[in-house]
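Some notes on the structure that comes next.
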Amino acid sequence: MAERRVTLAVTGASGAQYALRLLECLVRADVQVSFLISQAAQLVMATETDVELPAKPQAMERFLTERYQAQPGQIRVYGKQDWMAPVASGSGAPSAMVVCPCSTGSLSAIATGASNNLIERAADVALKERRKLILVPREAPYSTVHLENMLKLSQMGAVILPASPGFYHKPQSIDDMIDFVVARILNQLELPQQLLPAWGE
């Protein structure tokens, strides 16, 4: 398995399909994934998709490993209060973290350094260690509060990558639109992807 490690956090905004597709692509790229998911995100995922994740981290880890045919240990799932998880400390944090989708509540908590759960703490660690932090908000319209939080996080070095599919590649399906956003995330992670050709190709 490659040494590249990425934290993927899923919060309670609409767009669980983006997270699942991104996880699949990370596994295929031999990336080791620390997977974090909020209770709200599990509810949204069950509503928007046919995927019903087991509640407990160990069972969820087995489920995702089997679903995506990951190598043993390639996907590690941590609970929201697992403060001993590597992602909770700068000495164990991976090279990058993606919050996809990122709810506006999570956006606010990350912007203020709340660290009330492992997702918020892992994002706080990414910021303080100057690691890549990619936030994928999916909301419409944005309020002034949302925009101010995005600006604040952007000034801290985070990448704000809204789940806003483009249409210049002439998508033929919802999957094509999902792949557009996932491809942009993979580009930010500097991982090779075949989902979307570079502009001009």
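Computed from the coordinates by the stated procedures, all read-outs in this text should not be read as laboratory data. What you see is a predicted model; the values in this text were computed from it and never measured. Cβ coordinates were reconstructed from backbone atoms using ideal geometry, including for glycine residues, and neighbour counts include every protein chain displayed.
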Counting other Cβ atoms within 10 Å, keep those with at most 16, restrict to DSSP loop, and tell me which GluC sites (Glu not before Pro) in region 106-168 are left. GLU129
Over the chain, how many pairs of lysines fall under 26 Å by alpha carbon, counting only those 8 or more apart in sequence or from different chains? 6
Sort LEU8, LEU26 so the one with the fewest other Cβ atoms within 10 Å of its own Cβ comes first. LEU8, LEU26
Region 132-199 - Kirkwood radius from inverse mean 1/r over Cα pairs (Å): 13.2
What is the spin-label model distance, in nm, from ALA55 to THR112 if the labels are put 7 Å beyond Cα along the C-beta direction? 2.9
What whole number of Å gives the distance from the Cα centroid of region 18-43 to the Cα centroid of region 154-194? 15
Under a point spin-label approximation (7 Å from Cα along Cα-to-Cβ), what is the ALA40-LYS80 distance to one decimal in nm? 0.9
Can you give the Rg and Dmax of the chain based on its C-alpha atoms, in angstrom? 15.8, 46
Would you tally the net charge around SER115, using a Cβ to Cβ cut-off of less than 12 Å, leaving SER115 out, and scoring K and R as +1, D and E as -1? +1
Loop-only check: which GluC sites (Glu not before Pro) in region 29-92 are DSSP coil with at most 15 other Cβ within 10 angstrom? GLU52
Derived scalar couplings ³J(HN,Hα) [region 122-127; Karplus, 6.51 cos²θ - 1.76 cosθ + 1.60; whole Hz; x for Gly, Pro]: 4, 5, 4, 4, 4, 5
Cα convex hull of region 21-92 - mean projected area over all directions, nm²: 5.1
So, counting K/R as plus one and D/E as minus one, what does the shell of residues with Cβ under 12 Å around ILE174 add up to? -3
Summing Lys, Arg as +1 and Asp, Glu as -1, what charge do residues with Cβ under 12 Å from the Cβ of HIS146 carry, HIS146 excluded? 0
